Amino acid sequence: MVGNPDFLTGRGQDQAPEFQELESPEGELHLRFYVTSGNEFALPATGIREVISPSPDRITPVPNVSPLLLGTLNVRGRVVWVADLGQFLGDPTPLNTDRPEVPVVAVEDQDIMLGLAVDRIVGMDWLDIEEIQLPTNVPDSVAPFLRGEWLLDQQANKFLRLLDQVAILRSARWAA
């Protein structure tokens with residue numbers, strides 16, 4: 001056979017970078033963020049519809065609703081309720097909306113969408129679901145909405161807690 005034997009066997013020369021095997025990330029993709037209290041949480045990417053950062057004046061306040069709700073937001077022609085996730089989880093300090101943009105994570109389950117306003121978004125990260133532990137030292141206001149936690153730093157006692165967006169969406173707290 002005529003041709004370059006290295007091409008057929010893949011041996012003899014270093015392969016071009018575009019043909020080298022890509023490393024596949026371990027675990028599942030999650031969005032990491034902070035609430036007002038400084039606690040860090042994560043949500044699975046599969047339950048997130050989108051992440052937006054509207055100016056506070058785009059969130060329309062609605063009178064006589066739960067104090068957890070900041071108002072409504074028009075997302076591509078769809079009206080979405082926006083909630084202060086930190087206060088929902090029991091933070092005493094409300095989210096500061098006196099800033100140019102408010103990070104909102106829109107979660108969806110069975111055609112119900114809710115915008116969760118957070119203090120700061122860290123970004124997307126691949127997290128190994130096999131390493132998740134049962135939550136420890138969790139306030140009662142947070143416990144029903146957690147799937148578990150990852151230990152990030154044992155010396156600093158720092159955890160990343162995984163939220164259950166379906167439990168948040170279906171919570172009776174919204175009626176209060």
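For the reader, a short list of remarks on this structure follows.
- Surrounding net charge for S37, when Lys and Arg each add one and Asp and Glu each subtract one, Cβ distance under 13 Å: -2
- Accessible area (Å², per residue) of segment 31-176, counting only protein heavy atoms and a probe of 1.4 Å: 53
- Alpha carbon centroid spacing (whole Å) that separates segment 98-114 from segment 125-176: 19
- Ordering S141, S37 by accessible surface, largest first, gives S37, S141; the 1.4 Å probe counts only protein heavy atoms, with every chain in place.
- Amide H contacts of D164: L146, R147, each under 5 Å away and 5 or more positions distant or on a separate chain (H built 1.01 Å from N in the peptide plane; Pro and chain starts excluded).
- Using alpha carbons only, the radius of gyration of segment 80-128 set against its Kirkwood radius gives Rg/Rh = 1.01.
- Considered as an equivalent ellipsoid built on the Cα gyration tensor, segment 62-146 has semi-axes of 24, 17, 14 Å, the largest given first.
- Zone residues, segment 39-61, relative to E101, backbone N less than 16 Å from point 7 Å out along Cα-to-Cβ: 50-59
- Largest to smallest in accessible area, the residues E50, E130 fall in the order E130, E50 (1.4 Å probe, all protein chains included).
- The charge dipole of segment 76-176, taken about its Cα centre with unit charges on the Cβ of Lys, Arg, Asp and Glu (plus for the first two, minus for the last two), comes to roughly 320 debye.
The values are calculated or read from the model by the stated rules, or taken from the named source; none is laboratory data. Remember, it's a predicted structure, so these values are computed and weren't measured experimentally. Counting neighbours? That spans all protein chains shown, and the Cβs are built from the backbone with ideal geometry, glycine included. Protein only, heavy atoms only, side chains kept; ligands, DNA and RNA dropped before computing areas. Shrake-Rupley method; radii C 1.70, N 1.55, O 1.52, S 1.80 Å.
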